[in-house]
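Below: the structure, in structure tokens.
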Amino acid sequence: MGSSKEQAQSNGEELEIMRHSTAHVMAEAVQSIFPQAKFGIGPTIENGFYYDFDLPRSLIPDDLPLIEAKMKEIIASNVPFIRQEVTKEEARRLFASQLYKLELIDEIADEKVSLYQQGSFVDLCRGPHVSSTGEIKAFKLVSIAGAYWRGDEHRSMLQRIYGVAFDTKEALLEYLERLDEAAKRDHRKLGRDLDLFSIRDEAGPGLVHWHPKGAVIRRVIENFLTEELIKRGYDIVYTPHIAKLDLWKTSGHWEFYRDYLYSPMEVEGQEYIIRPMNCLGHILIYKTRLHSYRELPLRYAEFGTVYRYERSGVLHGLSRVRGFTQDDAHIFCRIDQLEDEVVGVLDFARFMVDTFGFTNYQVLLSTRPEKYSGTIQVWENATETLGNALARVGLDYQIDPGEGVFYGPKIDIKFKDALGRAWQGPTIQVDFNLPQRFNVIYIGEDNQEHLVVMIHRTLLGSMERFVASLIEHYGGAFPVWLAPLQVKVIPVADRHLDYARRLEAELKSEGVRAEVDARSERVNLKIRQAQLDKIPYMLVVGDKEATTSTVSVRLRSGEQLASQPCDSFKEIVKQAIVNKVKDLRL
């Protein structure tokens, strides 16, 4: 009898095989509708599959039900998936009109290639597949997107159809419901509806403009984090947004990350680039004077905006941009301090993630990539240190082979939002490379020079991506302390405006973000608008409230609280802000 873990792994493999088989059925259905179709690739992805096509016309959403209907016919026919091996020459003849398949065939090292056939449809594929199309259970085509062939923007733009597949109709329905909820929480939609940010074509793709309300959220996060940084012994620094190209050549970024760097600009005969990272500025600050072993560790932190060239096809709202601000820090320490410093960062990271309401997260320890700097021994020592630190704080983790950065291994913490989706969060990277390249030293107890060890770390990641995760986690209904506007004061009639404005002033004097809705509109309309704006508290004030110095409190959920004195309400809001609670009734 196998273990439950082995059983789950087996079920997962079976589901992946079924999903890949569904992709082949979709390709056959597309070919039946578009006989001139050229086929790219059709792999499985999380929860489903996709296939890339070169078609005679652009697909529209109305095409998906037609393709689905044809797929159901193919599944109902219950034809077998048949594997065969042929020589590469035979495969080239078979796919003579399929230029993308020919390219794939040319890249196969073996003399023979495997094909899979269901009915009259044949595809180049390693497999495996289910026995027959009738074994495919529940599926749904969900979207259409553009995709460059092989991810290269200089190659053909293909049309990608995404689908999902599950082993039961119930599982499919549950997933589609989550997908519908995810669409409602999409930070791009909510960012527009709540007037938080925009990305303007006039400025360029992937460049974010923070509107006043979005800027409030960002400022609150930065102020809170700054206070915590100072408590934990960090020094706040600021560094330039551009630097000489030679600096980035010395660091290795020009060699390892050139595809993501913006082109150099010439200034007074010197080449400069806009910074892709903040670390070199912090190194230059450290190197302005000699440091003793007694001064270490030194922790420099900066909300540093960086710029990286991301292809337009991967840009996505706030979560994938070209200009972003990292809550970045670099720790300069001795080798004997390294493990303790990593433990400190892990504790800090957990505190931040928990404070913002993310209670579930996944921890990954990323090891040496194919292209790396330094010796294997140094890499192994650094990786072991990270593992020891994780064990000390009691965090379970998985190894992520080959996903370290070129200068050292790293720990990634991916937190899960309300829908169970993972977001990139804290990152902790050990670096022996840059200290060596820039001769970043300290004077040891033996009065000799020693190289420092650097720790690169972010707690929230990029501010843009983190705010995107918050928007989707809370569906735009932020906890009181993060809400751009915390209280909307709604006078019943114009004669109640003076009292409403006095309340607004009192709340603002207590540090509460409050605003009067002075429009000449019906009270119910004002309440409805405040709910749509997801404002935590609404204070409806009329004759009774003005006479008794009370407020009638409504929550954005529509719940009506008991009428109460103004001072009592102010204490409720202040406590909710200070304690960062999510229950508005506290």
(request) Could you tell me whether any residue of the stretch 289-297 is in contact with an Asp or Glu (Cβ under 7 Å, 6 or more places away or on another chain) and farther than 27 Å from Glu384 by Cβ? (result) no
(message) On the basis of being assigned by TED's automatic domain parsing to the domain that holds Arg289, hydroxyl-bearing (Ser, Thr, Tyr) and assigned to a helix (DSSP H, G or I), does Thr383 make the cut?
(response) yes
(request) May I ask you to say which residue of Lys526, Lys534 is outside the structural domain of Asp354 (by TED's automatic domain parsing), surrounded by 17 or more Cβ atoms within 10 Å (Cβ to Cβ), out of contact with any Leu (no Cβ under 9 Å at 6 or more places or on another chain) and among the charged types (D, E, K, R)? (result) Lys526
(request) Could you run through the stretch 482-512 and say how many residues are touching a residue at least 40 places away in the same chain (Cβ under 8 Å) and under 19 Å from Ser568 (Cβ atoms)? (result) 13
(message) Looking only at the stretch 443-481, how many residues end up being more than 17 Å from Val573 (Cα to Cα), touching a Lys or Arg at 6+ places or on another chain (Cβ under 9 Å) and in a loop (DSSP other than H, G, I, E, B)?
(response) 5
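Take Val353 and decide whether it is in contact (Cβ under 8 Å) with a residue 60 or more places away in the chain, under 27 Å from Ile283 (Cβ atoms) and of a type in the set (Val, Ile, Thr).
Here the answer is no, as Val353 does not meet what is asked.
Among Ile490, Ile527, which is within 20 Å of Lys213 (Cα to Cα), β-branched (Val, Ile, Thr) and part of a helix (DSSP H, G or I)?
Ile527
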(request) Scan the stretch 404-433 residue by residue and report those that are buried (at least 19 other Cβ atoms within 10 Å of the Cβ), touching a Gly at 6+ places or on another chain (Cβ under 8 Å) and in a loop (DSSP other than H, G, I, E, B). (result) Tyr407, Phe432
(message) If a residue counts only when it is in contact (Cβ under 8 Å) with a residue 24 or more places away in the chain and either out of contact with any His (no Cβ under 7 Å at 6 or more places or on another chain) or outside the structural domain of Ala301 (by TED's automatic domain parsing) (or both), which strands (runs of 3 or more DSSP E) contained entirely in the stretch 180-269 have at least 2 such residues?
(response) 197-199, 242-244
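Of all residues being in a strand (DSSP E or B) and not small (Gly, Ala, Ser) in the stretch 546-573, which is nearest to Pro491 (Cα to Cα)? Just the residue, please.
Out of the qualifying residues, it is Val551.
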(request) Determine if the stretch 448-469 includes at least one residue that is of a type in the set (Phe, Trp, Tyr), touching a residue at least 24 places away in the same chain (Cβ under 8 Å) and either assigned by TED's automatic domain parsing to the domain that holds Met538 or within 25 Å of Lys580 (Cα to Cα) (or both). (result) yes
(message) When the residues of the stretch 552-571 are narrowed to those that are among the polar types (S, T, N, Q) and farther than 17 Å from Ala514 by Cβ, which ends up surrounded by the most Cβ atoms within 10 Å (Cβ to Cβ)?
(response) Ser563
(request) For the stretch 430-447, name all the residues that are out of contact with any Leu (no Cβ under 9 Å at 6 or more places or on another chain) and either touching a residue at least 12 places away in the same chain (Cβ under 8 Å) or on the phi > 0 side of the Ramachandran plot (or both). (result) Asp431, Asn433, Arg437, Gly444, Glu445, Asn447
(request) Go through (1) in a loop (DSSP other than H, G, I, E, B); (2) outside the structural domain of Ala69 (by TED's automatic domain parsing); (3) in contact with a helix residue (DSSP H, G or I) (Cβ under 9 Å, 6 or more places away or on another chain); (4) of a type in the set (D, E, K, R) one by one and return the number of the condition Glu153 breaks. (result) (2)
(request) Can you tell me which residue among Val342, Val321 is under 24 Å from the mean Cα position of the chain (by Cα) and closer than 20 Å to Glu295 by Cβ? (result) Val342
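Just checking, which of Leu460, Leu470 is in contact with an Asp or Glu (Cβ under 7 Å, 6 or more places away or on another chain) and within 30 Å of Gly420 (Cβ to Cβ)?
Numbers: Leu470 fails: in contact with an Asp or Glu (Cβ under 7 Å, 6 or more places away or on another chain).
Answer to the check: Leu460.
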(message) Which condition from (1) touching a helix residue (DSSP H, G or I) at 6+ places or on another chain (Cβ under 7 Å); (2) buried (at least 17 other Cβ atoms within 10 Å of the Cβ); (3) outside the structural domain of Gly420 (by TED's automatic domain parsing); (4) more than 30 Å from Ile273 (Cβ to Cβ) is the one that Leu172 breaks?
(response) (1)
(message) Report every pair of residues separated by at least 6 positions or lying on different chains whose Cβ atoms are under 6 Å apart, first residue within the stretch 100-114 and farther than 15 Å from Asp52 by Cβ and in the same structural domain as Thr87 (by TED's automatic domain parsing), second among the charged types (D, E, K, R) and part of a loop (DSSP other than H, G, I, E, B).
(response) Ser114/Arg126
(message) Looking at Pro61, Pro128 in this structure, which one is closer than 22 Å to Ser21 by Cβ, assigned by TED's automatic domain parsing to the domain that holds Ser32 and assigned to a loop (DSSP other than H, G, I, E, B)?
(response) Pro128
(request) Have a look at Ile67, Ile74, Ile82 and point out the one that is assigned to a strand (DSSP E or B) and either in contact (Cβ under 8 Å) with a residue 12 or more places away in the chain or in contact with a helix residue (DSSP H, G or I) (Cβ under 9 Å, 6 or more places away or on another chain) (or both). (result) Ile82
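The values are calculated or read from the model by the stated rules, or taken from the named source; none is laboratory data. In this text the structure is predicted, and so the values were computed from the model without any measurement. Ideal geometry is used to build each Cβ from the backbone, glycine not excepted, and the neighbour counts take in all protein chains shown.
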